[in-house]
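No lab work stands behind these numbers, since they all come straight from the coordinates. This is a predicted model, so every value here is computed, not measured. Positions of Cβ are backbone-derived with ideal geometry, glycine not excepted, and every protein chain shown enters the neighbour counts.
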Ligand code: F6R
Ligand code: MG
Ligand code: MG
């Protein structure tokens, strides 16, 4: 029997140039060197990339999900990159490493993790998504559209296997003590699923499985940094792995929903609502600490070896999408801090508004019944 393959992607922001824009080349060289040397006896292959200010380390191996040796490789690479960032005087050096020592698993220690283990198909195409300046709920809508909506994903009608539907595991990220999970099936539970997924700050898709075969189809990093650190420590900039084709949606069906440029949480000071822009690998952050962005590297993996990536959002088609997303973003910015433009209180990354409201609270007074009837 073929050995099972595990894909592990671990991602962190451990410092960047110009304030949250991009890690330095020296940091990247350092991560590549560390992973190559430490991973020699543990990993089958690896790939290191950046999206905005985040570094994502994709690793293939035989050790299953949550393996301490695999996590430690990423942890040490990020520690080394932090040292480099400090030497270079980069901004927010070591930001996502919330503890000083490694405790067996990077989950709960700051970095974002998404992992899946499977028996490789004859050909095993998959996609690595990495988003910056947003949070894990950003993937709720594209996953819903790709795995549950035939308007976007015709394979749900055309392919008998895909048409058997998918099982979504959804996490309530407001539970800090233990993970609160629910499993819902598409299409049977569609309205229940929609009811949860609309609330992207509270309910986050953690994984999707094929109902036809039980195979893992997608995994998302559901880390919420402020739940770990007790306060906001930057946005949670999520990664996602999606297997495609055959019993899963086609690559284009998974990419398709990203042409919408849907509104997500993120951008300036992690506190705004802005559209998600699909960008090329290695894209830098610019306008208004954003806009929130997502990259996609497409691979095939065979006997644990990765092909070179295809940069899925580098195609000229996405230039038009980027243009539209930029327009949507500029339009939203017209209303500054009013209403939907700025995130609700519970999601603000800073305490300024809360402190102001606390100061104002004693000045509120109740009107008497008599005054209420008078003209003001
Ligand atoms: C995410 C990111 C932002 C910042 C946020 C606050 O990659 O960079 O979420 O964490 O803009 O950053 P400061 O307070 O350092 O400007
Ligand atoms: Mg950052
Ligand atoms: Mg980031």
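See the values below:
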item	result
Mean Cβ neighbour count within 10 Å, used as a protection proxy, ranking 86-97, 238-249, 326-337 highest first	238-249, 86-97, 326-337
Extension gain from residue 120 to residue 368, taking 0.36 nm per residue of separation minus the Cα-Cα distance	82.0 nm
Length-normalised contact order for the chain - Cα pairs under 8 Å, 6+ apart - percent	18 percent
Three-way shape call for the stretch 121-357 based on the alpha-carbon gyration tensor, with the a/c threshold at 1.5	prolate
Rough spin-label spacing in nm, given labels placed 7 Å along Cα→Cβ, for residue 188 and residue 76	4.7 nm
DSSP bridge pairs, the chain: antiparallel proportion in percent, nearest 5	95 percent
Simple spin-label estimate for residue 359 and residue 177 in nanometres, 7 Å along Cα-Cβ	3.7 nm
Cα gyration tensor, the stretch 232-376 - rounded (a/c under 1.5), prolate or oblate	prolate
Percent RCO, i.e. relative contact order, over the stretch 169-218, from Cα pairs under 8 Å lying at least 6 residues apart	36 percent
Sites residue 346 and residue 161, calculated FRET efficiency, Cβ-Cβ separation with R0 35 Å, nearest 0.05	0.30
Highest average packing first - 183-190, 55-62, 76-83, Cβ atoms within 10 Å	55-62, 76-83, 183-190
The stretch 142-211 and the stretch 1-61: distance between their alpha carbon centers, rounded to Å	28 Å
The chain, helix-only ellipticity at 222 nm - DSSP H runs n ≥ 4, -39,500 (n - 2.57), divided by all residues, nearest 500	-7500 deg cm²/dmol
Residue 69-residue 337 pseudo-label distance in nm [points 7 Å out on the Cα-to-Cβ vector]	5.3 nm
Difference of contour (0.36 nm per residue) and Cα-Cα distance, residue 33 to residue 83	16.6 nm
Prolate/oblate/rounded label for the stretch 108-162 (Cα gyration tensor, a/c 1.5)	oblate
